[in-house]
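Below is one structure; the comments refer to it alone.
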Amino acid sequence: MKLADFLPVVLGTGFTFFMTVLGAAMVFLLGRQMKQSLLKGFMGFAGGVMVAASVWSLLLPAIEEAAAQGKSGVIPAGGGFLFGAVFFLAVDYVLQKLHAQKMEKLRAMEGSGRQHLSKKMTMLFLAVTLHNIPEGMAVGMAFAVVAQGSESAGVTMLSAIALAVGIGIQNFPEGAAIALPLRQENISRKKAFFYGALSGIVEPIAGILTVLLAGSIKAVLPWMLSFAAGAMIYVVVEELIPEAHVESGVKIGTIGALIGFLAMMVLAVALGYILTRGII
């Protein structure tokens with residue numbers, strides 16, 4: 001593959017990363033503390049965003065990709081989803097053990113002014129980062145197919161660009177979903193912004209690696225997409241939904257989740273699904 005073939009991938013995944021950074025930058029617009037109602041609403045919103053992203057950005061593309069390869073989408077979608085959920089169940093267990101063992105040390109760090117991530121935020125960071133890997137791969141794969149001149153997949157340069165734009169816009173609330181809750185946990189603005197932006201850096205890396213390995217990685221792409229979906233749904237059910245409903249009289253967490261799901265669904269369908277098929 002020629003060097004010039006990498007430029008669209010760098011620009012496309014660079015845009016998706018930039019949108020994650022832009023979302024994380026929202027932390028600079030807020031005060032040190034958020035109202036509890038706002039925090040619960042945002043937790044619910046983040047949960048809704050992640051559920052919708054799991055369906056429209058991960059599971060459905062996994063099934064479609066498997067079908068394009070002449071395979072049933074049930075096994076990679078279901079199997080990958082299960083592996084992702086079980087993997088994060090194991091991660092959750094390990095983090096709980098480490099958290100329990102190091103609580104005294106972490107309290108000492110707090111006393112010395114050092115900052116650390118809670119288990120909840122570590123899980124959220126890992127889930128969003130893991131979710132961004134197959135998205136970067138999807139953008140890289142689209143541009144790789146265009147570079148190879150393959151028309152059988154129905155991918156054009158316009159549809160590849162539309163995919164990058166759709167994923168990029170989706171990444172805005174994901175960057176904010178990490179940075180803003182971190183700020184609530186008394187993490188500094190700069191550090192919260194850093195973690196929010198860091199979750200998106202994997203997209204350009206994954207996109208470039210996908211172009212380099214386009215021939216061998218395509219077969220496992222459905223599994224990777226559904227794996228990320230399973231991981232995200234686990235984090236939503238285990239961490240975000242309970243957090244959004246703790247000591248909440250008004251159903252602000254539920255309302256936030258519905259708004260988040262609707263917003264991400266519209267973005268995914270209108271900008272990802274429809275545009276990549278040339279419907280509008």
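Key figures for this structure:
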quantity	calculated
Residue in the range 89-97 that is at pLDDT below 85, in contact with a Phe, Trp or Tyr (Cβ under 6 Å, 6 or more places away or on another chain) and farther than 30 Å from Ile161 by Cβ present	no
So Val128, is it of a type outside the set (Asp, Glu), closer than 19 Å to Phe15 by Cα and modelled with pLDDT under 75	no
Test result for Ile178, under 18 Å from Glu65 (Cα atoms), at pLDDT 70 or above and either under 13 Å from the mean Cα position of the chain (by Cα) or in a loop (DSSP other than H, G, I, E, B) (or both)	no
Qualifying position, being surrounded by fewer than 22 Cβ atoms within 10 Å (Cβ to Cβ), at pLDDT 85 or above and assigned to a helix (DSSP H, G or I), among Leu38, Leu82	Leu82
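The values are calculated or read from the model by the stated rules, or taken from the named source; none is laboratory data. Nothing here was measured: the structure is a model prediction, and the numbers come from that model. All Cβ positions, even for glycine, are placed from backbone atoms using ideal geometry, and neighbour counts span all protein chains on display.
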